[in-house]
Amino acid sequence: KTMSTLINSITIDAPIDRIWSILTDLELLDKTDPTVKKATLISEIKTGLHAKRKVLMQDGKNWFDEMITVFNPNEKLVYQLTDCSFPIKGLKHTYSFEIIGNQTKVQQVMEYTVKFGFIGVLLDKIMIGKQFNSGINLFLSGLKTYAEKN
């Protein structure tokens, strides 16, 4: 079992409180992530530990369910996938933050394991990692644009 890790970050011209509230509003993802068609709350609670959402991708076919598993305001946030249509398992996103003057640097670490053993590992090297990476960067720039708008 090989776990893949992708690390990306972006500096946003907005206070950390604003970025935290955007990242932890589970139904906002389709406003910040251009690869997402719709994000729907599927838990009783709106935000915080164990809040869950279902996310439908732009292609209308692919989807994933995820849950907040770490919720330390303005410090650390972890989303863990609980189910998905992709050939992956155990995917999680960890967000951490660094305040630089009146800007906030957001770092996202994505960890996942590809299904299908050796073939999966090859697919990951050729394709999945690149797709995830470009998807993450689209999301981070969408987050930046959204957070910097008043």
### Query
Restricted to the range 84-100, and to residues that are without any contact (Cβ under 8 Å) to a residue 40 or more places away in the chain and under 14 Å from the mean Cα position of the chain (by Cα), which residue is surrounded by the most Cβ atoms within 10 Å (Cβ to Cβ)?
L91
### Members of the range 29-76 that are among the aliphatic types (A, V, I, L, M), open to solvent by less than 70 Å² (accessible area, probe 1.4 Å) and either free of Cβ contacts under 8 Å to residues at least 12 places away in the same chain or not in a loop (DSSP other than H, G, I, E, B) (or both)
L29, V36, A39, L41, V55, L56, M57, M67, I68, V70
### Summary
Checked the range 1-28 for anything of a type in the set (G, A, S) and either assigned to a loop (DSSP other than H, G, I, E, B) or open to solvent by 30 Å² or more (accessible area, probe 1.4 Å) (or both); matches are S9, A14, S21
### Task
Being among the charged types (D, E, K, R) and modelled with pLDDT under 85 is the filter here, so list the residues in the range 85-102 that pass it.
K89
### Message
Which count do you get for residues in the range 132-150 that are touching a helix residue (DSSP H, G or I) at 6+ places or on another chain (Cβ under 7 Å) and not aromatic (F, W, Y)?
### Response
3
### Any hit, the range 103-126, residues being at pLDDT below 95, assigned to a strand (DSSP E or B), open to solvent by less than 50 Å² (accessible area, probe 1.4 Å) and over 27 Å from I45 (Cα atoms)
yes
### Task
Starting from the range 111-129, take each residue that is of a type in the set (S, T, N, Q) and list its partners that are surrounded by 15 or more Cβ atoms within 10 Å (Cβ to Cβ), counting only C-beta distances under 8 angstrom and pairs at least six apart or across chains.
T113/S4; T113/I88; T113/L91
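The values are calculated or read from the model by the stated rules, or taken from the named source; none is laboratory data. Computed from a prediction, not measured in an experiment: that's the story for all the values here. Here Cβ is always computed from backbone atoms with ideal geometry, including for glycine, and neighbour counts include all displayed protein chains. Accessible surface is based on the protein model in full, side chains and every heavy atom, while ligands, DNA and RNA are left aside. Shrake-Rupley method; radii C 1.70, N 1.55, O 1.52, S 1.80 Å.
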